[in-house]
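Novice: Structure in structure tokens, see below.
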């Protein structure tokens, strides 16, 4: 049995979020929460909130034991990209891509 939670349209690039997710993959929930609380990355706060949401889903919807939960899978994918431009010399412009992320987290119980 697995519990899932999603975080959609997080305004941090997927490349930066992936660094944080790699730290907590296959870890127990208590260890993952401790790692996220002590990681000085911008993505660690939203990922911690997602982890807590996923734990609540597991406990309330599936009756799973919180002590046995671990992060089975977590991954990030690209979301919509906001395109902005900055004026440059001689009437030209550069396009900046402000990327967003979709994060999926799946928790399971240890046997």
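Novice: Any residue in the stretch 98-105 that is at pLDDT below 95 and more than 16 Å from residue 5 (Cα to Cα)?
Specialist: Initial filter on the stretch 98-105 (at pLDDT below 95): none.
Looking through the stretch 98-105, none of the residues is at pLDDT below 95 and more than 16 Å from residue 5 (Cα to Cα).
Novice: Kindly evaluate residue 20 against the criterion of being in contact with a helix residue (DSSP H, G or I) (Cβ under 6 Å, 6 or more places away or on another chain), surrounded by 18 or more Cβ atoms within 10 Å (Cβ to Cβ) and outside any strand (DSSP E or B).
Specialist: yes
Novice: I want to confirm something. Restricting to the stretch 18-28 and keeping residues that are within 14 Å of the chain's Cα centre (by Cα) and in contact (Cβ under 8 Å) with a residue 40 or more places away in the chain, which single residue is nearest to residue 100 (Cα to Cα)?
Specialist: Of everything passing the filter in the stretch 18-28, 18 is nearest to residue 100 (Cα to Cα).
Novice: Need at least 2 residues that are over 21 Å from the mean Cα position of the chain (by Cα) per element, so show me which strands (runs of 3 or more DSSP E) inside the stretch 36-100 make the cut, counting only ones lying wholly within it.
Specialist: Of the strands (runs of 3 or more DSSP E) lying wholly inside the stretch 36-100, those with at least 2 residues that are over 21 Å from the mean Cα position of the chain (by Cα) span 82-87, 93-98.
Novice: Could you check, for the stretch 5-17, whether at least one of its residues is farther than 30 Å from residue 111 by Cβ, surrounded by 14 or more Cβ atoms within 10 Å (Cβ to Cβ) and without any contact (Cβ under 8 Å) to a residue 60 or more places away in the chain?
Specialist: Looking for residues that are farther than 30 Å from residue 111 by Cβ, surrounded by 14 or more Cβ atoms within 10 Å (Cβ to Cβ) and without any contact (Cβ under 8 Å) to a residue 60 or more places away in the chain, one finds at least one in the stretch 5-17, hence yes.
Novice: Still on this structure: Could you tell me how many of the residues in the stretch 54-77 are within 25 Å of residue 12 (Cα to Cα) and in contact with a strand residue (DSSP E or B) (Cβ under 7 Å, 6 or more places away or on another chain)?
Specialist: The total comes to 11.
Novice: Let me ask something else about it. Kindly evaluate residue 32 against the criterion of being part of a helix (DSSP H, G or I), exposed (fewer than 14 other Cβ atoms within 10 Å of the Cβ) and either without any contact (Cβ under 8 Å) to a residue 12 or more places away in the chain or in contact with a helix residue (DSSP H, G or I) (Cβ under 8 Å, 6 or more places away or on another chain) (or both). Talk me through it step by step, then tell me what you get.
Specialist: Details: part of a helix (DSSP H, G or I): yes; exposed (fewer than 14 other Cβ atoms within 10 Å of the Cβ): no; either without any contact (Cβ under 8 Å) to a residue 12 or more places away in the chain or in contact with a helix residue (DSSP H, G or I) (Cβ under 8 Å, 6 or more places away or on another chain) (or both): yes.
Criteria not met by residue 32.
Novice: Only one of (1) surrounded by fewer than 18 Cβ atoms within 10 Å (Cβ to Cβ); (2) under 20 Å from residue 78 (Cβ atoms) is not met by residue 63, so which one is it?
Specialist: The one condition residue 63 does not meet is (2).
The values are calculated or read from the model by the stated rules, or taken from the named source; none is laboratory data. Not measured: the values here are computed from a predicted model. Reconstructed Cβ throughout: ideal geometry from the backbone, glycine too, with neighbour counts over all protein chains shown.
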